[in-house]
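Here is the structure we will look at.
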Amino acid sequence: MININKELNNERKQNILNLLKKCKNFKQFASESHEYKLNPPIDKNKVIELENKYEFKLPEDYFWFITEVGNGGACHGYSMDKFEDMYFDYLKYDNRIDLMKEYSKKVNEGNANDIEDTDFEYYGILRFGTLGCSSSIGLIVTGENRGRVVYYDEEFYEEPFITCYDNFVDYYENWALETSLNYNMGSFGIRLKLEIDDLIKSYHDILNNNTKKEENFINKQSIITTMHKYKSLEEKYLNEIYNLYNLEKDENYKLKFSVLLINHNYKKIEKHIREAFQNKYIIDSYVKVLYLKVHADANLFVGNFKKEIFDWTAEIKSALEYYKKLTNKENKKNNFSLFIAMALYLYKNNLIDFNEFDIFINNRNSTILYLLSISSLENDNIFNIYIDEFIKACSNKNTEKIRNTTSYLENILKNNKKYKKEIINTIKTEYQKLLEYYKINEPKDKSIIHFINNTSKRIFNY
């Protein structure tokens, strides 16, 4: 790792700018929003004017950055905002990370109404960027965490997380450095400031109970998360990680090591994956590991598998038997959906019989129905599910299900023409009934009438 100059001077500025030039060789998440370019610095007097107006004081290093290096632009996640466009109203108040954490817990418990005033979300936080959706990046400018960068969810579904860097410039320079080294940047700021040798040693220390109390922040989860930053590792390191896998007794962490090793195409782990599919207590967890192994594309498009998936037919059949014994409620949505994609692929290649496949007919959650609808299956039994679900939704006047099942039938229309006539005739018949019902009973409900008219025009043109 390159040693970083901690002084706020021209040498450090030049290092940051040089790192950004190197970053242009790699396309990371959201980099198209800034293309690794910074805007020109802002005038110091303008910053001081805003500080005085809103009664706050920026940390020295951030002030230096926006007035000497760049004012907005290249940053982790999407483009960093210009300082003058940011929100300053709550910066003079002490930051309340404790309240933000408390509110996140209540949101996840379903007790969001217990706290009425959520203005504290912005107390002492200068929001300068976003990781997408409701995930924001901010600089804490007041309180005991002053100067630290924090990730927080504006809707409080996730607890705020203060990153591991002491100040903004350290955070920014390390982001530019790791990006320039083409690391995986998904967990940047959350992971440890350690490299692979120290990560492996730290895990050994934990297993041998040699970790000092003051190092409790270095835990198994944080070590494995940090190991994921490497897109490639030398064989000697993979062997050492495999050794940790064998030493680890906790099945949860063995699973995490399996994912890590599969991402590096490490062959020795394959026998353990096969063994997992014979163990009813862990089979569901290892569906994701197998999916990562046989998937052909990093973007995880459904149905895009390497040829080696055929070598895992026996394991997928084992999982079929496992899932058949669970109720719909027990099936874990994420892993079950991944499993469906793999099983569909084998079914279309005549490696799984339809009578083994009937679990999907019995489990009709929206994710499963969607996956089936885009899979170009020409199977009358499966097709009849969609017709039945659509008619039932229309009969019950369930507008959400009407929209969903219409979408499923449209997917089938796009993928094959075998059922075209029946789909169009069914939709036409049910839509006519719906229009008559809404015109007579709920004439003010314009949205469903508008939806029916629009989808009719589109679908009847297939």
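The values are calculated or read from the model by the stated rules, or taken from the named source; none is laboratory data. What you see is a predicted model, and the numbers here were worked out from it, not measured in a lab. Positions of Cβ are generated from backbone atoms using ideal geometry, with glycine treated the same way; all protein chains shown enter the neighbour counts. Only protein heavy atoms, including side chains, enter the accessible area calculation; ligands, DNA and RNA are left aside. Shrake-Rupley method; radii C 1.70, N 1.55, O 1.52, S 1.80 Å.
Please work out how much length the chain gains when fully extended from Glu321 to His204, using 0.36 nm per residue of separation minus the C-alpha to C-alpha distance, in nm with one decimal.
38.4 nm
What would the Debye formula give as log10 I(q)/I(0) at q = 0.09 Å⁻¹ for the alpha-carbon point model of the chain, no solvent?
At q = 0.09 Å⁻¹ the computed log10 ratios are -0.84.
Taking 29 Å as the cut-off for C-alpha to C-alpha distance, list the pairs among Lys13/Lys46; Lys22/Lys267; Lys417/Lys439 that go past it.
From Lys13/Lys46; Lys22/Lys267; Lys417/Lys439, over 29 Å: Lys22/Lys267; Lys417/Lys439.
If you take all C-alpha pairs in segment 29-125, what percent of them are over 20 Å apart?
When every Cα pair of segment 29-125 is considered, 52 percent fall beyond 20 Å.
What is the calculated FRET efficiency for Asn45 to Arg403, with r their C-beta to C-beta distance and R₀ = 51 Å, to the nearest 0.05?
Efficiency computed from Cβ-Cβ geometry: 0.40.
In a solvent-free Debye calculation with one equal scatterer on each Cα, what is log10 I(q)/I(0) for segment 51-93 at q = 0.19, 0.32, 0.34 Å⁻¹, listed in the order of the q values?
-0.65, -1.18, -1.20
Using Cα-Cα distances under 8 Å and only pairs 6 or more residues apart, what relative contact order does segment 241-312 have, in percent?
Values: 47 pairs, mean separation 15.9, N = 72.
Once divided by the residue count of segment 241-312, the mean separation gives 22 percent.
Answer rounded, prolate or oblate for segment 62-203, using the Cα gyration tensor with square roots of eigenvalues a ≥ b ≥ c: rounded when a/c is under 1.5, else prolate when a/b is larger than b/c, else oblate.
oblate
Describe numerically, in nm with one decimal, the distance between label points set 7 Å from Cα along Cα→Cβ at Glu422 and at Glu60.
7.6 nm
What residues have an amide H closer than 5 Å to that of Phe128, excluding those fewer than 5 places away on the same chain, when H is modeled at 1.01 Å from N in the peptide plane?
Ile137, Gly138, Leu139
Would you pull out the residues with amide H under 5 Å of Met80's amide H, same chain only if 5 or more places away, H placed 1.01 Å from N?
Those qualifying (amide H under 5 Å, at least 5 residues apart or on another chain) are Gly73, Ala74, Cys75.
Find, among the GluC sites (Glu not before Pro) in segment 20-96, those assigned to loop by DSSP (not H, G, I, E, B) with at most 13 other beta-carbon atoms within 10 angstrom.
Glu35, Glu55
Tell me the mean residue ellipticity at 222 nm calculated for the chain from its helices only (DSSP H runs of n ≥ 4, each -39500 (n - 2.57), averaged over every residue, nearest 500).
-15500 deg cm²/dmol
For an R0 of 30 angstrom, estimate the FRET efficiency from the Cβ-Cβ distance between Lys439 and Asn415 and round to the nearest 0.05.
So the FRET efficiency works out to roughly 0.35.
If you take the alpha carbon radius of gyration of segment 137-186 and divide it by 2.2 N^0.38 Å, what ratio comes out, to two decimals? Walk me through the numbers before you get to the answer.
Working: Rg = 12.2 Å, N = 50, 2.2 N^0.38 = 9.7 Å.
Cα Rg divided by the expected 2.2 N^0.38 Å: 1.25.
Sort Phe310, Phe29 by accessible area with a 1.4 Å probe, largest first.
So, going from the largest accessible area down, we get Phe29, Phe310.
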